[in-house]
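Chemist: Structure provided below as structure tokens; questions to follow.
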Amino acid sequence: MHFQFDMSPLSYPAVNTASPSSGEAPELLRHMLDIQREQLNQLRTLSSAHDGLSRWRAFVSRWRQDFPDLPDQCRQAMAVLERTYGKLIAELAENLTQGNSDALDNDFALQEFLDRYGMRLT
């Protein structure tokens, strides 16, 4: 077997280490600042698009003419939903306080409890 190694010195391309002229640096910094501002505006737009409240307001404004009573009906429904949720929480608390301290110690009891209350709470 015959091997050959090249031991010649490597030559790298010359790097320009000279600093930019005095007029280029401020212009470059201004350009970077403009790009960062543009990115910030895009992030604000994206985050507002995912905001639940703004989506709801957009929905109501789009359908205001077709459903003029929608905001009032939602206010009335909210009271009913709050009462129902309160009753569910009260029932859950009563169930937990009535049972003994090891009521949820085994897997079967815990799964039954989660099946009964978990999905309704979410």
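Chemist: What shape does region 75-122 have by the C-alpha gyration tensor, where a ≥ b ≥ c are the square roots of the eigenvalues, rounded means a/c under 1.5, and otherwise prolate means a/b greater than b/c and oblate the rest? Walk me through the intermediate numbers first.
Modeler: Numbers: a/c = 5.92, a/b = 2.20, b/c = 2.69.
It is oblate, given that a/c is not under 1.5 and a/b is not larger than b/c.
Chemist: Taking the Cα-to-Cβ direction at A109 and at T84 and moving 7 Å from each Cα, how far apart do the two end points lie in nm?
Modeler: That separation, rounded to one decimal, is 3.1 nm.
Chemist: Please list, in chain and number order, the residues 5+ apart from F67 or on another chain whose amide H is under 5 Å from its amide H, with Hs placed from the backbone.
Modeler: none
Chemist: Please give the net charge around L104, taking every other residue with its beta carbon less than 12 angstrom from that of L104, where Lys and Arg add +1 and Asp and Glu add -1.
Modeler: For residues surrounding L104, the net value is -3.
Chemist: Please go through region 59-122 and write out the chymotrypsin sites (Phe, Trp or Tyr not before Pro) that DSSP classes as loop and that have at most 12 other C-beta atoms within 10 Å. Intermediate results must be reported in sequence, preceding the final value.
Modeler: Values: sites: F59, W63, Y85, F108, F113, Y117; in loops: W63.
Within region 59-122, the qualifying chymotrypsin sites (Phe, Trp or Tyr not before Pro) (loop, at most 12 other Cβ atoms within 10 Å) are W63.
Chemist: Please give the per residue accessible area of region 27-112, computed with a probe of 1.4 Å over protein heavy atoms only, in Å². Don't skip to the answer; put the middle values down first.
Modeler: Working: 7820 Å² over 86 residues.
Per-residue value: 91 Å².
Chemist: Fully extended, how many nm does the chain gain between Q65 and E91 (0.36 nm per residue separation, minus their Cα-Cα distance)?
Modeler: Working: separation 26, 0.36 × 26 = 9.36 nm, distance 4.08 nm.
Gain on extension, Q65 to E91, equals 5.3 nm.
Chemist: Next question. Taking all protein chains in place and a 1.4 Å probe, what share, in percent, of the accessible surface of region 66-117 do carbon and sulfur account for? Write out the running numbers ahead of the final one.
Modeler: On the way: 2400 of 4350 Å².
In region 66-117, the share of accessible area belonging to carbon and sulfur is 55 percent.
Chemist: Let me ask something else about it. Calculate, in nm to one decimal, what E27 and F5 gain on full extension: separation in residues at 0.36 nm each, minus their alpha carbon distance. Don't skip to the answer; put the middle values down first.
Modeler: On the way: separation 22, 0.36 × 22 = 7.92 nm, distance 4.91 nm.
Additional length available on full extension: 3.0 nm.
The values are calculated or read from the model by the stated rules, or taken from the named source; none is laboratory data. This structure is a prediction, so every number in the text was calculated from the model and none was measured. Note that each Cβ is placed from the backbone with ideal geometry, even for glycine, and that neighbours are counted across all protein chains shown. Just the protein is used for accessible areas: all its heavy atoms, side chains included, with ligands, DNA and RNA removed. Shrake-Rupley method; radii C 1.70, N 1.55, O 1.52, S 1.80 Å.
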